[in-house]
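One structure below.
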Amino acid sequence: MKQFIKYVFATITGVFIAGAIVALLSMLGLASLAMLGSTPVAVSDNSVLVIQLQGFIDERSEENPFDAIVGNSMLESQGLDDILMAIKQAKEDEKVKGIYLEAGTIASAMPATLQAIRNALADFKQTGKFIVAYGDSYTQGNYYLCSIADSIIVNPTGMIDWCGLSSQVAYYKDLLEKIGVEMQVVKVGTYKSAVEPYLQNEMSDENREQIETYSQEIWAEMTKAVSESRGISQVRLNELADSAMLLQDTKLYKQENLVDLLAYSDAVPQIIAQMMQVETKDDYNTITVQALASAASSQPKNPSGNIIAVYYAVGDIVNEPTNGLYTVPEIASRKVIKDLEELAADDDIKAVVIRINSGGGSAYASEQIWHQIMNLKKQKPVVVSMSDMAASGGYYISCAADYIFAEPTTLTGSIGIFGVFPNANKLLDEKLGVHFKTVKTNEFADFGDFSRPFTTQERAMAQNYINNGYELFTRRCADGRKMPQEEIKQIGEGRVWTGIHAQQIGLVDELGGLTEALSKAKALSKTTHASILNYPEKDDWMESLIEEMAGNSYADRQLLHSLGKYYDIFSDFQSTTRKIGIQASIPYYLMFNL
């Protein structure tokens with residue numbers, strides 16, 4: 001028996017040691033891969049930049065080799081910052097002769113992100129260099145991007161999804177009633193629709209109006225861009241969208257000038273060779289986005305020592321960062337305040353561009369960040385560059401800037417706040433048989449307790465608190481935009497606007513992307529020469545890898561891959577528990593079928 005136990009123990013020990021060795025070797029392999037990926041790559045003569053339009057397009061790239069190891073392109077992530085930097089470098093580097101767009105399936109990207117890439121590609125074309133695009137099938141977002149190409153190729157048995165935009169909202173009122181939970185909502189803003197799903201089963205007229213308005217404006221931007229590139233009228237593009245192009249014969253795509261050529265992927269290298277004016281694919285080189293962006297970032301800093309800082313503020317606005325399963329990007333006020341204090345104290349930094357991509361969150365955290373941006377403005381110019389959205393709390397922190405840029409398809413505004421206080425009395429008392437009895441020393445000692453509903457007095461007090469919060473929010477906006485507060489209230493009411501509309505009503509100063517924001521920052525700071533540095537510093541790739549393996553963001557991406565567009569519904573419902581209390585937030589779970 002002792003011998004048996006000894007052998008079993010030895011076997012277990014051996015398995016443990018072997019597992020540890022395998023894990024160590026895997027880590028070493030990943031470390032080697034990471035170091036290899038971080039080494040600047042020399043750009044060869046006759047190069048073509050290859051941009052793979054698939055997976056996730058995040059605001060910033062993540063230095064994490066784990067995605068490549070997994071091998072699922074749908075779950076891989078690339079940064080908008082890298083893509084834009086690579087296109088800019090391709091424009092300026094004489095060794096790069098053209099760009100090849102390889103259309104896949106973009107798992108997650110909003111209209112403003114796609115518009116920023118397309119604008120960069122249009123700028124690249126001004127050099128006279130070529131762009132060629134190929135796709136076995138084109139999603140609508142990918143076709144919008146690739147329509148800028150000099151030559152668009154589609155597989156003879158492929159598809160183009162050109163059908164228009166739709167947005168979907170999930171409503172939970174019946175579900176909450178079935179489980180015995182009542183969401184007690186107090187809000188300000190006729191269009192503040194983030195709380196609608198908890199209160200009703202139908203879309204309000206106001207919410208339908210705002211969604212229809214900004215959807216039409218975004219679609220008009222898309223059709224205008226495609227029309228100009230392909231020589232197809234916007235009227236005809238809408239007619240094609242109404243004819244279910246996804247199900248049409250590919251010959252019609254060419255007939256309608258949506259594409260230039262029907263061909264299989266193996267023909268693409270020779271087509272590129274012809275555009276390069278060389279004989280075969282062996283006579284040119286390809287370079288990835290990551291490699292070219294790395295080559296650009298490794299260039300020497302400007303000798304002046306001047307710096308224009310780009311500070312990325314992406315995700316939900318919260319007081320403290322959230323750890324655990326299904327986490328999403330966050331703007332944690334405590335960290336942001338510390339970071340901005342450091343930027344203000346650095347004399348080499350002459351101006352700060354805050355790149356915002358947020359649908360808002362905590363009203364309190366938004367106020368704290370607003371205050372710190374006001375302090376930063378006393379030291380140096382602050383310019384805001386809005387990405388996909390800078391709405392509600394995202395607009396709260398934007399309005400303090402000296403100057404605001406938005407993409408035409410940015411979603412912004414949503415000036416309004418709300419509070420959500422769950423009452424689970426029926427769930428606990430009637431369904432689960434859990435009964436709470438309270439003893440308290442003062443009348444409001446158990447205010448907001450989830451085991452009972454609000455009293456009439458408590459609801460009135462909560463509404464008054466929300467009203468005061470809205471007064472503060474609109475006053476901040478009025479002061480920042482130098483507009484009367486009553487005018488801000490008229491365009492507020494929680495309504496979401498596109499960047500186009502926001503400029504017309506004074507919520508933003510100018511339409512443009514990060515490039516334009518950087519130019520403005522230089523002008524305001526009277527800085528001719530400066531290095532552009534991004535903040536905050538990116539997380540160490542090993543820490544990111546450990547988080548991925550622990551299931552945080554990687555599990556999220558697996559869920560998105562499995563659930564598709566319904567992931568946003570799941571994510572929003574899951575995050576409800578983190579949105580108890582006073583919020584300045586957009587209904588960000590709205591998803592366009594791009």
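Cβ-Cβ contacts under 9 Å between residues 6 or more apart (or on different chains), taken from a first residue in region 521-538 that is in contact (Cβ under 8 Å) with a residue 40 or more places away in the chain and closer than 16 Å to Val384 by Cβ to a second residue that is open to solvent by 30 Å² or more (accessible area, probe 1.4 Å) and β-branched (Val, Ile, Thr), are listed as Lys522/Thr528.
Val226 fulfils the conditions (1) touching a Ser or Thr at 6+ places or on another chain (Cβ under 9 Å); (2) open to solvent by 40 Å² or more (accessible area, probe 1.4 Å) except for a single criterion, (2).
Within region 322-398, which strands (runs of 3 or more DSSP E) (wholly inside it) include 1 or more residues that are on the phi < 0 side of the Ramachandran plot, touching a Leu at 6+ places or on another chain (Cβ under 7 Å) and open to solvent by less than 10 Å² (accessible area, probe 1.4 Å)?
Values: elements: 330-332, 349-358, 360-362, 382-391.
In region 322-398, 349-358, 382-391 are the strands (runs of 3 or more DSSP E) which contain 1 or more residues that are on the phi < 0 side of the Ramachandran plot, touching a Leu at 6+ places or on another chain (Cβ under 7 Å) and open to solvent by less than 10 Å² (accessible area, probe 1.4 Å).
Filtered by the rule that a residue be surrounded by fewer than 20 Cβ atoms within 10 Å (Cβ to Cβ) and small (Gly, Ala, Ser), region 514-530 gives Ser519, Ala523, Ser525.
Among the residues making up region 399-409, those that are closer than 25 Å to Glu486 by Cβ and either part of a strand (DSSP E or B) or open to solvent by less than 10 Å² (accessible area, probe 1.4 Å) (or both) are Cys399, Ala400, Ala401, Tyr403, Ile404, Ala406.
Thr113 satisfies every condition listed in (1) touching a Leu at 6+ places or on another chain (Cβ under 8 Å); (2) within 20 Å of Val268 (Cα to Cα); (3) not small (Gly, Ala, Ser) except (2).
When Gly55 is tested against (1) modelled with pLDDT under 90; (2) under 13 Å from Ile287 (Cα atoms); (3) buried (at least 20 other Cβ atoms within 10 Å of the Cβ); (4) of a type outside the set (A, V, I, L, M), exactly one condition is not met: (2). When Lys88 is tested against (1) at pLDDT 95 or above; (2) farther than 30 Å from Ala390 by Cα; (3) open to solvent by 30 Å² or more (accessible area, probe 1.4 Å), only condition (2) is not met.
When region 448-476 is filtered for residues that are at pLDDT 90 or above and among the hydrophobic types (A, V, I, L, M, F, W, C), the ones remaining, listed by number, are Phe454, Ala460, Met461, Ala462, Ile466, Leu472, Phe473.
Take the residues in region 189-213 that are aliphatic (A, V, I, L, M), in a helix (DSSP H, G or I) and open to solvent by less than 70 Å² (accessible area, probe 1.4 Å); name whichever of them is modelled with the highest pLDDT. This residue is Ile211.
Whenever a residue of region 223-251 is closer than 18 Å to Ile148 by Cα and without any contact (Cβ under 8 Å) to a residue 24 or more places away in the chain, its partners that are aliphatic (A, V, I, L, M) and open to solvent by less than 60 Å² (accessible area, probe 1.4 Å), lying with C-beta atoms within less than 8 angstrom and at least six residues away or across chains, give the pairs Thr223/Leu237; Ser227/Leu237; Gln234/Ala220.
Cβ-Cβ distance below 7 Å, separation of 6 or more or different chains: which pairs start in region 424-440 with a residue that is in contact (Cβ under 8 Å) with a residue 60 or more places away in the chain and end on one that is in a helix (DSSP H, G or I)? Cβ pairs passing all conditions: Leu427/Ile179.
If I ask for residues that are open to solvent by 20 Å² or more (accessible area, probe 1.4 Å) and not in a helix (DSSP H, G or I), which ones from region 91-109 would you list? Give the steps one after another, and end with the answer.
So the first thing to find is which residues in region 91-109 are open to solvent by 20 Å² or more (accessible area, probe 1.4 Å), and the list is 91-95, 97, 100, 102, 105-106, 108-109.
Result: Asp93, Glu94, Lys95, Lys97, Tyr100, Glu102, Thr105, Ile106, Ser108, Ala109.
Look at Glu510 and say whether it is at pLDDT 95 or above, more than 30 Å from Ile308 (Cα to Cα) and loosely packed, with under 15 Cβ neighbours inside 10 Å. Criteria not met by Glu510. Among the conditions (1) in a loop (DSSP other than H, G, I, E, B); (2) within 30 Å of Gln210 (Cβ to Cβ); (3) not β-branched (Val, Ile, Thr), Pro453 misses just one, which is (2). Could you tell me whether region 257-275 includes any residue that is under 31 Å from the mean Cα position of the chain (by Cα), open to solvent by 20 Å² or more (accessible area, probe 1.4 Å) and closer than 19 Å to Pro156 by Cβ? Yes: region 257-275 contains one or more residues that are under 31 Å from the mean Cα position of the chain (by Cα), open to solvent by 20 Å² or more (accessible area, probe 1.4 Å) and closer than 19 Å to Pro156 by Cβ.
Please find, within region 167-188, the residue that is nearest to Ile488 (Cα to Cα) out of those that are in contact (Cβ under 8 Å) with a residue 60 or more places away in the chain and open to solvent by 60 Å² or more (accessible area, probe 1.4 Å). Steps first, answer last, please.
Initial filter on region 167-188 (in contact (Cβ under 8 Å) with a residue 60 or more places away in the chain): 167-170, 172, 179-188.
Right, trim to open to solvent by 60 Å² or more (accessible area, probe 1.4 Å) and you get 168, 179, 182, 187.
Values: Gln168: 28, Ile179: 40, Glu182: 32, Lys187: 17 Å.
Ranking the qualifying residues of region 167-188, first place goes to Lys187.
For region 233-251, the count of residues that are over 30 Å from Ile417 (Cβ atoms), exposed (fewer than 14 other Cβ atoms within 10 Å of the Cβ), of a type in the set (Val, Ile, Thr) and at pLDDT 95 or above is at least one.
Among residues belonging to region 415-445 that are of a type in the set (S, T, N, Q) and within 40 Å of the chain's Cα centre (by Cα), point out the one that is surrounded by the fewest Cβ atoms within 10 Å (Cβ to Cβ). Filtering region 415-445 for residues that are of a type in the set (S, T, N, Q) and within 40 Å of the chain's Cα centre (by Cα), the one surrounded by the fewest Cβ atoms within 10 Å (Cβ to Cβ) comes out as Asn425.
The values are calculated or read from the model by the stated rules, or taken from the named source; none is laboratory data. A quick note: this is a predicted structure, and the numbers were derived from the prediction, not measured. Neighbour counts run over all protein chains shown; Cβ positions are idealised from the backbone, glycine included. For the accessible areas, the whole protein counts, side chains as well, though only heavy atoms, and no ligand, DNA or RNA atoms are used. Shrake-Rupley method; radii C 1.70, N 1.55, O 1.52, S 1.80 Å.
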